[in-house]
Amino acid sequence: MNTEFPFPALSLFLSAMLIAACQSPDPHHHRSPQSMPAQKAHHAHRDHSPSPAVVLEPGNLKGVDDIVPELAGKRVVYIGETHNRYDHHLLQLDLIEKLLVQDPDMAIGMEAFQQPYQHVLDEYIAGNLDTRDFLKKSEYYQRWGYDYRLYAPILEFAMEKKIPVIALNVPKELTRKVGRGGLDSLSDQERARIPEEIDYTDQEYRQRLQAIFEEHPAGNGKGFDQFHEVQLVWDEGMAEQVAHYLNRHPEHYMVVLAGSGHLAYGSGIPQRVHRRIPVDAAIVLSDPGTELDPDIADYLVLQEKRSLPPRGKIGILMEDGEDGVIVERFTSNSAGQDAGMKKRDRILAIDDQPVTMSSDVGAAMWDRRPGESLTVTVRRERWLFGEQDLEFDLVLR
């Protein structure tokens with residue numbers, strides 16, 4: 001459900017109990033013609049029933065501060081996100097800050113980071129890596145790829161407060177292989193890297209996933225089993241990480257930050273954590289893009305949409321070649337092209353940051369703003385005279 005409010009509000013909370021109280025007993029039920037009065041039966045083919053609806057009482061809406069005491073004391077607080085929604089991540093940070101005041105023994109679990117890079121995450125939170133080195137060593141842009149500015153405030157707060165951050169996600173190379181050939185395509189060594197038990201029994205979850213799959217242009221039913229298995233590998237893998245941490249640290253509680261699809265109805269991660277370690281938990285979702293359903297979460301959040309400020313751009317499209325990062329083409333109004341860069345130039349460095357793959361460009365550029373100056377070093381092939389290294393000073397746009 002995408003809702004725009006005509007008034008400024010950080011967030012409005014709708015508890016599932018409120019929604020349930022306002023919702024009709026069964027909005028999807030329509031009486032059959034046989035159950036209608038005889039004089040009405042000839043109109044049965046004309047459906048005038050209203051769409052499912054909920055009624056909100058503005059005076060009874062809750063704010064962030066109102067639900068924090070209700071979340072405090074939970075062993076796990078799941079906070080959903082649409083990965084590219086800045087306002088969702090701001091809400092996550094706001095709840096983390098407020099919950100930390102209630103209880104400092106917090107850990108944060110994040111879908112955005114993959115399990116083999118836990119040691120890199122630990123080094124970053126300890127202050128032993130700068131952000132650019134962290135992004136390179138965690139392979140953030142190869143493995144996740146969303147604008148790091150979406151997550152940076154959360155990681156910076158965790159670093160400041162020394163909050164452990166746990167990499168929840170399964171390695172990308174494993175989920176990619178499952179997506180192509182199913183679990184049976186994994187080698188014994190690969191299979192040992194994901195949970196032994198994969199629970200297939202939630203048929204309602206399967207049906208919801210199938211509906212999503214079939215909405216995709218390629219979703220014609222072919223390949224759904226692999227799609228389903230990938231989702232379960234993600235869910236089980238992240239749930240196992242949560243449970244392992246809680247078992248090893250009984251004094252801690254965890255705030256889990258993951259895509260809303262992994263949390264809705266408790267079907268993805270939450271029930272699989274509970275299967276491993278029964279805990280008191282709550283689910284908070286930000287406008288999940290579906291009809292309001294009292295079963296989807298403990299709290300739904302309606303908030304104003306906010307976007308990141310513009311990012312400084314060189315104005316190039318790149319590809320990873322055998323010898324490095326190659327300029328494939330230029331965008332309109334390209335700062336790089338205007339400075340003298342050409343197609344097929346190989347990028348060697350941005351300022352003092354060496355570049356060997358396109359993700360290095362992402363790490364070097366992650367916090368750059370329009371109007372900032374930088375130097376791009378390239379290597380250009382010349383037909384008669386061999387290679388030439390060139391530097392271009394440009395202003396980002």
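Straight-line cross-link reach from Lys177 at under 21 Å between alpha-carbon atoms covers these lysines, not counting any fewer than eight positions away in the same chain: Lys222.
Counted over segment 204-332 with a bin width of 5 Å, the fraction of Cα pairs per bin, in whole percents, is 2, 8, 14, 14, 13, 12, 13, 12, 8, 4, 1. Taking each residue as 0.36 nm, the span from Thr375 to Glu204 lengthens on full extension beyond its C-alpha to C-alpha distance by 56.2 nm. Under 5 Å from the amide H of Thr331 lie the amide H atoms of Ile316, Leu317, each residue being 5 or more positions distant or on a separate chain, with H modelled from the backbone and absent for Pro and chain starts.
Given a cut-off of 23 Å, name the pairs among Lys74/Lys98; Lys162/Lys313; Lys62/Lys162; Lys172/Lys313 whose C-alpha atoms lie farther apart than that in the structure shown. Cα-Cα > 23 Å for Lys162/Lys313; Lys62/Lys162; Lys172/Lys313; rest within.
Pulled fully out, how much extra length does the chain show between Glu156 and Asp122, if you take 0.36 nm times their separation in residues and subtract their Cα-Cα distance? Don't jump to the answer; show the numbers that get you there.
Numbers: separation 34, 0.36 × 34 = 12.24 nm, distance 1.28 nm.
Going from the current span to full extension adds 11.0 nm.
Reported value for segment 60-302: 131 Å³ per residue, from the convex hull of its C-alpha atoms. Packing order of peptides 361-373, 158-170, highest average first: 158-170, 361-373 (average count of other Cβ atoms within 10 Å over each peptide's residues). Here's the list of aspartates and glutamates a cross-link from Lys343 could span, going by alpha-carbon distance under 13 Å and ignoring same-chain residues fewer than 8 apart: Glu319, Glu328, Glu381. Packing around the peptides 303-312, 248-257, taken as the average count of other Cβ atoms within 10 Å per residue, puts them in this order, highest first: 248-257, 303-312.
Throughout, read-outs are computed from the coordinates displayed, never taken from laboratory work. Treat the numbers as computed from the prediction; the structure is a model and nothing was measured. Quick reminder, even Gly has a Cβ in these numbers, built from the backbone with ideal geometry, and neighbours come from all protein chains shown.
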